[in-house]
Amino acid sequence: MTPYQCTKGCRDPKAKDGLMWHNTPNECPAETYNPKVGPGRPGKMRAKGHPGVAGVESPTPPARVTVPAPGGGITFTDTKASVTKGTGKPPEPVVVDYIVDAQHTKALCNFGMRGVYFLHVQVDEIVFDWHKHLPKVQFQLTPNAEMSIELDPRNMYSRGVTWFTKNICQAKNLQAAHAAIDSILFFEAFGGIAVALLFHYREVYANSPKLKKRREEKARLKAAAVARKAGAIDVPYQVVGGQPVTVTASTA
């Protein structure tokens, strides 16, 4: 008789799919002995009521599983119970091979150049008191650079911006990368206004005629107070080199 894999729950870890192979139904402990078919191989004659070789220990029959029947009744089956471990919700795939689009690439590159220009101006004015800066037009993308960004998706500019979003912003996909760039530009818009106001009023404080007059008056009063404390006689003050100077005469 042609061998077949058991459908009644007999298991064999060494067999394909873990299902035991039988030569006849008389080798299955879930079957009832049938004298009309082959008795089976020695040591495997395990059908119920099999008159085979005495002393052969039959394996434990498959567990009987209760299955609720339609209508609320209970039926029994000889199918062996199986347990499947739940896998839960599969994790969402993470796309790591992306390239930032042309629009966001140009926006971030110009943002970086504006930052470099700002630092250049501050170093010139604060460190060297120098006000002849490089032309601002040099700190932005050229028309050729913009054309390269738009024509070739994997151009050098887009690759550099993509590296920045992957390694600095830790963006795991294209959507997160674009969101990171948009956030940077958002804070630049409002932060830039705050910085511009700060430097504007720093200049106003230093050069406002009204504030200069107040500082000169304050300096004159301070000089007069020092002269009185020293016993000197006040005479009208003069402005020498842009600073008020009180001319005094000794009382001695």
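None of the figures in this text is laboratory data; all of them are computed from the coordinates on show. The shown structure was predicted, so the numbers you read here are calculated from the model rather than taken from an experiment. Every residue, glycine as well, gets a Cβ built from its backbone with ideal geometry; the counts of neighbours run over all protein chains shown.
Brief remarks on what is shown
- Given R0 = 35 Å, the distance between the Cβ atoms of Met113 and Tyr201 translates into a calculated FRET efficiency of 0.85.
- The calculated FRET efficiency for Phe186 paired with Ile99, based on their beta-carbon distance and R0 = 22 Å, is about 0.45.
- Label-reachable residues, region 169-200, where backbone N falls under 19 Å from a point 7 Å from Gln140's Cα toward its Cβ: 185-186, 188-190, 192-193, 196
- For Lys106, Lys172, Lys229, order by how many other beta-carbon atoms lie within 10 Å, fewest first: Lys229, Lys172, Lys106
- In the structure shown, the pairs Lys106/Lys166; Lys14/Lys48; Lys16/Lys44; Lys106/Lys136 are assessed against 21 Å; a Cα-Cα span above that value is assigned to Lys14/Lys48.
- Extreme residue, positive dipole direction of region 102-209, given options Tyr117, Ile181, Leu134 (C-beta unit charges): Ile181
- With the simple model of a label 7 Å out from the Cα in the direction of the Cβ, Ser148 to Tyr4 spans 7.3 nm.
- From the alpha carbon centroid of region 169-232 to that of region 100-139 is 19 Å.
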